[in-house]
Amino acid sequence: MICSVRKATKEEREKILAYAEKRREEGHEVRCPISDTNQVDELGLRIVEEHENDIVWADQIHIIWNPASEGSLWDTAQSRMARRFMPEKKIILVNAPEIQATDTKSYTNVILATHLGLSLNDGLKELKRRLSQVIGT
């Protein structure tokens with residue numbers, strides 16, 4: 001999983017942990033940064049390397065996106081790169097229906113486009129069209 005840790009609100013933390021627990025109950029092996037990564041790291045390098053190992057190991061990467069999270073941005077970029085070498089790897093944006101596309105280029109748009117399977121030829125209009133189908137508006 002990719003999620004906010006330091007910038008997560010109490011409500012967001014509860015949602016993340018509940019999501020991870022539900023996946024475990026379904027029989028999946030889950031690595032959740034909040035509960036499974038030692039966050040004591042003076043530089044952050046050990047955390048990054050641990051997450052890189054988790055990204056390479058995972059068949060699927062589930063993201064609960066918080067645009068304020070620097071770590072989530074880093075890990076999501078790592079996931080996209082990993083998928084270049086392991087195209088079978090799935091990247092799933094769990095909270096896509098809660099996220100709004102921005103009107104200009106942004107990493108939020110990139111993450112939404114990744115989740116929706118858009119290509120370089122698709123633009124903002126297509127992103128918003130596809131996103132509206134996901135959220136039912």
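Figures for the structure shown
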| item | result |
| --- | --- |
| Residue check for E50: at negative phi and surrounded by 13 or more Cβ atoms within 10 Å (Cβ to Cβ) | yes |
| Residue check for D54: out of contact with any Leu (no Cβ under 9 Å at 6 or more places or on another chain), over 21 Å from E14 (Cβ atoms) and part of a helix (DSSP H, G or I) | yes |
| Counted residues, region 66-105 - those being surrounded by 13 or more Cβ atoms within 10 Å (Cβ to Cβ), over 21 Å from H51 (Cβ atoms) and of a type in the set (S, T, N, Q) | 1 |
| Cβ-Cβ under 9 Å pairs, at least 6 apart or on other chains, region 1-12 side in the same structural domain as H62 (by TED's automatic domain parsing) and of a type in the set (S, T, Y), far side buried (at least 19 other Cβ atoms within 10 Å of the Cβ) and in a loop (DSSP other than H, G, I, E, B) | S4/W65; S4/N66; S4/S69; T9/N66 |
| Region 96-118 residues that are without any contact (Cβ under 8 Å) to a residue 60 or more places away in the chain, paired with ones that are exposed (fewer than 11 other Cβ atoms within 10 Å of the Cβ) and not polar (S, T, N, Q) (beta carbon under 6 Å, 6 or more apart) | none |
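Residues are listed down the side, and each one gets a yes or a no for (1) at negative phi; (2) assigned by TED's automatic domain parsing to the domain that holds R6; (3) at pLDDT below 95:
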{"residue": "S79", "(1), (2), (3)": "yes, yes, no"}
{"residue": "A82", "(1), (2), (3)": "yes, yes, no"}
{"residue": "F85", "(1), (2), (3)": "yes, yes, no"}
{"residue": "T114", "(1), (2), (3)": "yes, no, yes"}
{"residue": "G117", "(1), (2), (3)": "no, no, yes"}
{"residue": "K125", "(1), (2), (3)": "yes, no, yes"}
{"residue": "K128", "(1), (2), (3)": "yes, no, yes"}
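The values are calculated or read from the model by the stated rules, or taken from the named source; none is laboratory data. The shown structure was predicted, so the numbers you read here are calculated from the model rather than taken from an experiment. All Cβ positions, glycine included, derive from the backbone under ideal geometry; neighbour counts span all protein chains shown.
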